[in-house]
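Below: one structure, written as structure tokens.
Every number here is computed from the coordinates shown, using simple stated rules; none is lab data. Given the structure is predicted, the values throughout are model-derived calculations rather than measurements. Cβ: placed from backbone, ideal geometry, glycine included. Neighbour counts: every protein chain shown.
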Amino acid sequence: MITPTGGRPASKRSLVLVVGSGRSGTSTLSGLLQRLGFHVPQPEVPPDPSNPKGFAESKWVVDFHVRLLKAARVTTADARPDAWPAAAAAAGDAAAAELTGFLRKQFATSDHVLIKDPRLVWFLPLWRRAAADLGVTPRHVTMLRHPAAVVASKSRHYGSWQGDVSRAAGWVNTLVYTERGTRDELRAFVRYDDLLADWPKAVARIADALQLDAIAQAPSGAIRDADGFVDHRLSRSTPSWSDVALPAALQELAERLWQLLGQLADKGSDAGPDLLGQFDLLREDYVTYYRSCEAVAESTVVAAIKGNQRRSSASVEKLAARVVPERWRRRVPLRWRRAILAALGQSGRG
């Protein structure tokens, strides 16, 4: 269940990073850890119908990640392999300094800080950098839920702005790169079903594997509070591919990844190079698959770009009409008018 830190001693202070796809049980785990003594930076994202018991999610953290993703032009469940370097480029020195300052304030409040946000997977190196600046060992917990259940749950709660195919591809992209990005770190993989079936056992394994003394020292009142928090009725999506229409190749990749993640959850630190090599091969296969999809869709992309260019040109013409009176526009040489329109267009794009 755990990949050790290669002999590095773990600090007494702990930064727990709960990662995984949205609708995978991350809120349930975070809510449990919060009740067992971990500090969630305040204020929190308020509950809503999709998570009536709350998210155990810091609003500052969400806003921070949203701002970085917007700058990188990356979405929370982005399916593009190229989204990873784009997100990394947005997480520069200024972001690291801002995050270090934020974490320093949190550790002044508690020695055990909990961070959870579905967007967190894109910025794990940034969080590890900030933790290292403070001499804190980060611990990574990845929640696992069958991709068919994840896609169905997202469709139910998040609407149709993103299709099932894109959501399934996003699940593969984020999970396969999360595995690679945490491979040399202190980490645990936990099935959502295991957490719901016996949360004390699942959390005890996490605490033991990740050296989380705060959980072992939790008072009985906190344990009773945690037990009352778990609601088995919240798991409403069954893992059935029959409810999700996917290309056969994508479904095969997603199912293959799910099986490998299950092995990793079972073996943990006993996962040998053969299993990790299978993850590497699957990641390469996904990149190849995505590149082929991009090639097939090239005509659609070109048509969309040309359509945007035509709309942009029309907007520039309207702008020019407002800025320059018609009687003067008639007197301006054609080459000058073109230059003016080009300048106005450039200004609009900036």
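Shown is the FRET efficiency for R104 and Q217, computed with R0 = 30 Å from the Cβ-Cβ distance and rounded to the nearest 0.05: 0.80. In terms of other Cβ atoms within 10 Å, V40, V19, V151, V74 run from fewest to most in the order V74, V40, V19, V151.
Taking a ≥ b ≥ c as the square roots of the eigenvalues of the Cα gyration tensor of the stretch 2-296, is the shape rounded (a/c under 1.5), prolate (a/b larger than b/c) or oblate? Rounded is the answer for the stretch 2-296, as its axis ratio a/c remains below 1.5.
For the stretch 38-81 versus the stretch 270-304, the inter-centroid distance based on Cα atoms is 26 Å. Length gained on full extension, R183 to R224, computed as 0.36 nm times the residue gap minus the Cα-Cα distance: 11.4 nm.
Were the residues from K12 through E298 laid out at 0.36 nm apart, the gain over their Cα-Cα distance would be 97.8 nm. Shown in residue order for the stretch 164-176 are the 3J(HN,Hα) couplings computed by the Karplus curve 6.51 cos²θ - 1.76 cosθ + 1.60 at θ = phi - 60°: 4, 5, 5, 5, 5, 5, x, 4, 4, 4, 5, 6, 5 Hz (x for Gly and Pro).
Judged by the ratio a/c of the largest to the smallest principal axis of the C-alpha gyration tensor, the stretch 1-113 counts as rounded, that ratio being less than 1.5. For the peptides 249-261, 219-231, 182-194, the ranking by packing is 182-194, 249-261, 219-231, with the highest mean count of neighbouring Cβ atoms within 10 Å listed first. Amide H contacts for H39 (H built 1.01 Å from N in the peptide plane; partners 5 or more residues away or on another chain; cut-off under 5 Å): H112, V113, L114.
Less than 5 angstrom separates the built amide H of V19 from those of V141, T142, M143, all sequence-distant by 5 or more or on a different chain.
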